[in-house]
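Contents: one structure, followed by commentary.
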Amino acid sequence: GAVVSQHPSWVICKSGTSVKIECRSLDFQATTMFWYRQFPKQSLMLMATSNEGSKATYEQGVEKDKFLINHASLTLSTLTVTSAHPEDSSFYICSAVAGPNIQYFGAGTRLSVL
Amino acid sequence: GNSVTQMEGPVTLSEEAFLTINCTYTATGYPSLFWYVQYPGEGLQLLLKATKADDKGSNKGFEATYRKETTSFHLEKGSVQVSDSAVYFCALSRYSGGGADGLTFGKGTHLIIQP
């Protein structure tokens, strides 16, 4: 099956710094990728839709200036958490669309902000 | 808005037992419904899906039927194996057919199968 690689798998950073998370589709091209966030024992929450070559679409309540998304190519989307704070600590998961309603997910990135 | 409710775990069963994981949803329109499975250290994998009422999705011995009248999509398997131990997520998308849409997930159910 199709593979989506997410990097890094775990990152620890100091409060106030920025962190970039990469999501790559390894063996297919993805015009659309999604970014989700998961808190412990909670469901995945859709944060934004990343479209290649255009601006991301953010879900209600998600700060677009806090969570910068860049989808510069058909195989790469990046999520940058700017000026991270402890409340941004979470598990971030991306998915890439490979066909009609078919999404392949990355293994996720655990962000810990000290 | 859309929401998905699934039974919380962990669910612990013996090998060869019958499995049911309940999932109900709230949505406008005609969503597609999915079950995803996540093994330790891996990304979510699509297990099965159904795109319209009365459709039955099936894969690897797992089945789920899209019940619009009860807004449910319960996951079943007749005889579980130790290798089925994982976290299972029920999810829906807003669109019934083609096109890409972000998913609304349940909280996940941790399934543990004992030998």
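The values are calculated or read from the model by the stated rules, or taken from the named source; none is laboratory data. Because the structure is a prediction, the values reported are computed rather than measured. Virtual Cβ from ideal backbone geometry, glycine too; neighbours counted across all protein chains shown.
Matching residues to (1) facing chain B (nearest Cβ under 9 Å); (2) under 16 Å from A:V11 (Cα atoms); (3) under 14 Å from the mean Cα position of the chain (by Cα):
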position	(1), (2), (3)
A:T75	no, no, yes
A:T82	no, yes, yes
A:P86	no, yes, no
A:F91	no, yes, yes
> Hey, any hits in segment A:28-38 for a residue that's surrounded by fewer than 14 Cβ atoms within 10 Å (Cβ to Cβ) and either modelled with pLDDT of 95 or more or of a type outside the set (S, T, N, Q) (or both)?
Replying inline: no
> With respect to A:S112, is the statement that it is touching a residue at least 60 places away in the same chain (Cβ under 8 Å) and touching a Pro at 6+ places or on another chain (Cβ under 9 Å) true?
Replying inline: yes
> Looking only at segment A:68-97, which residues are surrounded by 13 or more Cβ atoms within 10 Å (Cβ to Cβ), part of a strand (DSSP E or B) and out of contact with any strand residue (DSSP E or B) (no Cβ under 6 Å at 6 or more places or on another chain)?
Replying inline: A:S73
> In segment B:7-103, which strands (runs of 3 or more DSSP E) lie fully inside it and hold 2 or more residues that are under 15 Å from the mean Cα position of the chain (by Cα) and of a type in the set (D, E, K, R)?
Replying inline: B:75-77
> Which residues, counting only those in segment A:66-89, are at negative phi and in contact (Cβ under 8 Å) with a residue 40 or more places away in the chain?
Replying inline: A:L74, A:T75, A:L76, A:S77, A:T78, A:L79, A:T80, A:V81, A:T82, A:A84, A:H85, A:P86
> Would you pick out the residues in segment B:7-45 that are under 26 Å from A:L26 (Cα atoms) and surrounded by fewer than 19 Cβ atoms within 10 Å (Cβ to Cβ)?
Replying inline: B:Y39, B:P40, B:G41, B:E42, B:Q45
